[in-house]
Amino acid sequence: MNFKTFLTVFYLGGIIALSLASCVRTPGEGGRASITGSVEIERRHQINNPESAEDTIPALDTEVFIVYGENTSPDDRVFTNPDGDFAFNWLRTGDYTIYVYSEDILTSSSPLPKVAISQSVIIDERDEVVVLETILIYDDY
């Protein structure tokens, strides 16, 4: 094998290796799967006392965040509709974290700090629709 043939084979091998490496699909947009769910607010007269719950209502116009894979910050957000429902569409297979902010029910400080209420999700199938359990957040009524 002469040097020119060696370089050609080496060059083509490198292109094939880079092409295969770039085909690795990570969690995120670009697929056909979805994550749907709903958010409800439990309104309490005294935030750290479950016995003071007034009612539970749909959390309308509430921000819901999604994190793709092992990322550390949110990759997207949506707002709930008037019924408290939300959807993240056009996702690829992979691991996701969905979270919403709620008032902290373990403290009585003022103003009340916010804490993240999260759920982890795995999408296994390309066309899968994952329906989450209702996310319950809390509000001082």
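Nothing in this text is a laboratory measurement; each read-out follows from the coordinates by a stated rule. Please read all numbers here as calculations on a predicted model, not as lab measurements. Counting neighbours? That spans all protein chains shown, and the Cβs are built from the backbone with ideal geometry, glycine included.
Coupling constants for the range 57-70 follow from the phi torsions by the Karplus curve (6.51 cos²θ - 1.76 cosθ + 1.60, θ = phi - 60°), and in residue order they are 10, x, 8, 7, 6, 9, 6, 10, 10, 10, 10, 8, x, 9 Hz; glycine and proline get x. Applying 0.36 nm per residue to the separation of T36 and N49 and subtracting their alpha-carbon distance, the gain on full extension is 1.7 nm. Indicate the gyration tensor shape class of the range 27-140 (rounded, prolate or oblate), computed on the Cα atoms with a ≥ b ≥ c the square roots of the eigenvalues: a/c under 1.5 is rounded; otherwise a/b larger than b/c is prolate and the rest oblate. Here the range 27-140 falls in the prolate category. Phi angles across the range 44-49 convert, under the Karplus curve 6.51 cos²θ - 1.76 cosθ + 1.60 with θ = phi - 60°, into 3J(HN,Hα) values of 10, 6, 10, 4, 9, 10 Hz, Gly and Pro given as x. In terms of surrounding Cβ atoms within a 10 Å radius of their Cβ, E51, E125 rank from fewest to most as E51, E125. Annotation for E29 and E63: the two label points, set 7 Å from Cα along the Cα-Cβ direction, are 1.8 nm apart. Think of each Lys and Arg Cβ as +1 and each Asp and Glu Cβ as -1; about the Cα centre, that makes the dipole of the range 27-140 roughly 240 debye.
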